[in-house]
Amino acid sequence: MKRVLGSFFIILIAAAAVFLIGWVQFGIRPGECGVMVSKTSGVLERPLLPGSFVWRWEKLLPTNVTIHKFSMEPHRSVQTYTGTLPGADLYAKMLDAPADFSYELEVAVQLSPRAESLVTLVKKNEIASQEDLDAYLDNKAKVVAGLVADRMLPSVQPSSDSASRWTGYLSAKALDKATLDSLAEKSAEDLTAVTLNAVEIPKARLPDMTSYEGIQDLYGNYREELNRSLQERAARYADEMHESEKSVRLLEQYAELLKKYPQLKDLGTIQEVSKTLKGLPASPDGLEAGVGSLLGEAAAAGTTGDAGGTAAGAAGPETAGSETAPAAN
């Protein structure tokens, strides 16, 4: 009888040991979720949660099973956005009174992982520890915070239809459930593995949009006037360059004409010749014709002068003889 009882207790102890070893979620504490990975069966599709019973034979084999434990507590991630409006430094210099065109926004996002999704993330090798899960949740929080920042920062501008609604969250310091649902819907692809619990705005410093828009209009008018002035100056400069090019080409032609007709030097100064030639066509044929005409006129004038000089020379001796004759008497 004692042997039977002894054998029974041994069997009972062995059965209890097998039961405890195969009880997978035995070490899972409240607020945690486990994912079982075995060498023989891979990743267990069922998440291990406290309060539920899961027994797996794979755990009976030594070093065959690894259980990854993750916290199911909400994860809070704070994202900060700072900067200045475009052209803030330039616009600030145009104002007599100092104006602040910088902004600073803090968005605190609270997310919770979904137990079923943890199994998928482990299977895809995206997470294997609590640190990996925290980094994953931080990335998802950045997506949500980015949506809030993109909608809140432009919302201070009067052109935004949702300006009053979004700026109202600055005083409320948190987004209501309807807005949370809207954000979750818009980022559904990024939040498939998590639940969006809350979005808070602990700090928000927005730029002076009234001064910014006023100086922006003034600067726009200034740029228009500046562009118009630059265009006028460019047109004048183009005309001057065109005239300069024409003058250079004309001077080059003058130089060629002086080489071809050296007698032009005897007609007067270069300025006089240039003044005469400038009235002629700029084409080579026109200049050639004009130079020919000019040289012809100069030759005719020179011939008349020579004839007069010869007559005067001829008359000179006679006159001298008539004057000296009486002296001889």
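All of the numbers you see were taken from the coordinates with simple rules; none came from a lab. Keep in mind the model is a prediction, meaning the values are calculated, not measured. Because the Cβ atoms are built from the backbone with ideal geometry, glycine has one as well, and the counts that use them run over all protein chains shown.
Full extension of the chain between Glu104 and Val248 yields a length gain of 45.7 nm, computed as 0.36 nm times the residue separation minus the alpha carbon distance. Residues whose amide H comes within less than 5 Å of that of Trp55, counting only those at least five positions distant or on another chain, are Val24 (H built at 1.01 Å from N in the peptide plane). Taking other residues whose beta carbon is less than 14 angstrom from the beta carbon of Pro47, and scoring Lys, Arg as +1 and Asp, Glu as -1, yields +2. Modelled spin labels at Gln231 and Lys173, positioned 7 Å past Cα toward Cβ, are 5.5 nm from each other. Here the simple spin-label model places points 7 Å from the Cα toward Cβ, and for Thr195 and Asp239 these points are separated by 7.8 nm. With the simple spin-label model, which puts each label point 7 Å out from Cα in the Cβ direction, the Ile11 to Trp57 separation comes to 2.0 nm.
Here's how it looks for Asp100: its modeled amide H is under 5 Å from those of Asp208, which are all 5 or more places away or on a different chain.
For region 19-135, the dipole from Cβ point charges (+1 on Lys and Arg, -1 on Asp and Glu) about the Cα centre works out to 920 debye, to the nearest 20. Taking amide H as placed 1.01 Å from N in the peptide plane, the amide H of Val43 sits under 5 Å from that of Ser38, each at least 5 places away or on another chain.
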